[in-house]
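The values are calculated or read from the model by the stated rules, or taken from the named source; none is laboratory data. Everything quoted here is computed from the prediction, not taken from an experiment. For neighbour counting, all protein chains shown are included, and Cβ atoms are generated from backbone atoms with ideal geometry for every residue, glycine included.
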Amino acid sequence: MLFNRKIRTTALLCLVLFASACSSSTAVFDPSKVHHGDGKFISIKDGSFLSWLSMRWREASPPEIDPEELKTIVSEADLALIESPAELPRVTWIGHATVLVQYQGINFLTDPHLTQRPFAFDFLVDERYTQPALSYEQLPDIDFIVISHNHYDHLDHRTVDLLGNSVTWFVPLGLKSWFLDRDIKPENVIELDWWDEYRFNDKVNITFAPSQHWSKRAPWDTNQSFWGSWAVNIGGFKSWFAGDTGYDQAMFREIGDKLGPFRLAIIPIGGYAPRYFMSATHIDPAEAVEVHIDVKSQQSIPMHWGTFQLTHEPLLEPPALLRRALDDKGIEQSEFAPAKIGQSLILE
Ligand code: ZN
Ligand code: ZN
């Protein structure tokens, strides 16, 4: 297993070394904005491939996954419920960062990933360990989709091709051209900068908000498109999707003050190990609880765990650490309980 992983890592190095380095962002950079740099967005992370490579060689592989234990985090989706009108806000975890939110005739998805691999080169990474709770054919009619950033586990080109022009895509600044290249019509892609707000219709308001992360899809495009979180207000039901993020208390408190309090927050709890490498751009479960507090979330659901083995923590470890962190803070477990993949939660 370890040997395989190192061979794959080396293969990736070769791909990077042989890749041609020529591309520039189509984003318009505004020097008056603190997060806009010269030709790229300002991130805490520069995306150094060599430091990632050295971490991969140093760190032991995560433990093997028990298939019986995997079954305990999955439940069959209630298709009849998902097809029925949502008088109360309803949320269904489809897997990884893909969540379906439904309310008053509006259906939207976060970072949809419905296929098997979290990367462009299938031989380099493991297949997903748990299947998407809904296939493309089982999805209800989707009104719009929010995309947090361009990493492969959040922006899956195969899923984008499936959903195509049937939806409106809300994407970070600098990412619209990627969608146009995949034959999505310009009127179906709304590109926003942090704090930009968009009125989707008379009851839906969508705001792009900060996160502490970075972007990269190819060796030459580090931080050339933006990243962030999304606040969606449907008729007074306020939800927030964090995307991938490191911890910055001031940033999350500002989101809570400006856009919250939220009835629902969708917060990542996996992708955190080893901390010396991951902490700048990925919160751990204890920090996820801080985010839940900072953004003033009434009910949070954890995501970004149990699907892909992208980092070095055991695949099924995050919920145990989340429960401990909630206890440490004296917060009711039900406020931020792990859902099963496929489970729908109705917010009474
Ligand atoms: Zn990411
Ligand atoms: Zn991710």
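So which residues in region 285-308 are within 14 Å of ligand 2 (Cβ to nearest atom) and in contact with a helix residue (DSSP H, G or I) (Cβ under 9 Å, 6 or more places away or on another chain), if there are any at all?
ALA288, PRO302, HIS304, TRP305, GLY306
Going through region 304-324 one residue at a time, which ones are farther than 15 Å from HIS151 by Cα and among the aliphatic types (A, V, I, L, M)?
Of everything in region 304-324, those that are farther than 15 Å from HIS151 by Cα and among the aliphatic types (A, V, I, L, M) turn out to be LEU315, LEU316, ALA320, LEU321, LEU322.
Among the residues of region 140-153, how many are without any contact (Cβ under 8 Å) to a residue 40 or more places away in the chain and either closer than 27 Å to PRO67 by Cβ or among the charged types (D, E, K, R) (or both)?
Total satisfying the criteria: 1.
LYS296: surrounded by fewer than 18 Cβ atoms within 10 Å (Cβ to Cβ) and at pLDDT 95 or above, yes or no?
It is false that LYS296 is surrounded by fewer than 18 Cβ atoms within 10 Å (Cβ to Cβ) and at pLDDT 95 or above.
How about region 170-222: which strands (runs of 3 or more DSSP E) wholly inside it have at least 1 residues that are over 24 Å from GLN104 (Cα atoms) and out of contact with any Phe, Trp or Tyr (no Cβ under 7 Å at 6 or more places or on another chain)?
Correct list: 189-192.
Mind checking which residues of region 322-339 are part of a loop (DSSP other than H, G, I, E, B) and in contact with a strand residue (DSSP E or B) (Cβ under 6 Å, 6 or more places away or on another chain)?
Scanning region 322-339 gives PRO338, ALA339.
May I ask you to list the residues in region 74-90 that are surrounded by 15 or more Cβ atoms within 10 Å (Cβ to Cβ) and not in a loop (DSSP other than H, G, I, E, B)?
VAL74, ILE82, ARG90, listed by residue number.
Quick check on my filter: what residues within region 124-139 are in contact with a helix residue (DSSP H, G or I) (Cβ under 7 Å, 6 or more places away or on another chain) and in a helix (DSSP H, G or I)?
Across region 124-139, the qualifying residues are LEU124, TYR136, GLN138.
Just checking, how many residues over region 241-264 are under 30 Å from TRP52 (Cα atoms) and part of a strand (DSSP E or B)?
Final tally of qualifying residues: 1.
Write out, first by first residue and then by second, each pair whose Cβ atoms fall under 9 Å of each other, whose residues are 6+ apart or on separate chains, and whose first residue, in region 54-83, is closer than 13 Å to PRO132 by Cα while the second is assigned to a helix (DSSP H, G or I) and modelled with pLDDT of 95 or more.
ILE73/PRO319; ALA77/GLN138
Of the conditions (1) within 21 Å of TRP178 (Cβ to Cβ); (2) buried (at least 19 other Cβ atoms within 10 Å of the Cβ); (3) more than 14 Å from ligand 2 (Cβ to nearest atom), ILE234 fails just one. Which one is it?
Here ILE234 meets the rest and fails (1).
From the list GLY246, GLY271, GLY256, which residue is at pLDDT 95 or above and either more than 29 Å from HIS157 (Cα to Cα) or more than 16 Å from ligand 2 (Cβ to nearest atom) (or both)?
Exactly one residue qualifies, and that residue is GLY256.
Can we say PRO314 is touching a helix residue (DSSP H, G or I) at 6+ places or on another chain (Cβ under 9 Å), away from ligand 2 (no atom under 16 Å from the Cβ) and either within 30 Å of PRO85 (Cβ to Cβ) or of a type outside the set (A, V, I, L, M, F, W, C) (or both)?
no
Determine whether region 132-150 contains at least one residue that is more than 16 Å from ligand 1 (Cβ to nearest atom), within 17 Å of the chain's Cα centre (by Cα) and surrounded by fewer than 15 Cβ atoms within 10 Å (Cβ to Cβ).
Looking for residues that are more than 16 Å from ligand 1 (Cβ to nearest atom), within 17 Å of the chain's Cα centre (by Cα) and surrounded by fewer than 15 Cβ atoms within 10 Å (Cβ to Cβ), one finds none in region 132-150, hence no.
Looking at ASP122 and the list (1) of a type in the set (Asp, Glu); (2) under 18 Å from SER239 (Cβ atoms); (3) under 21 Å from the mean Cα position of the chain (by Cα), which single condition is not satisfied?
The single condition ASP122 does not satisfy is (2).
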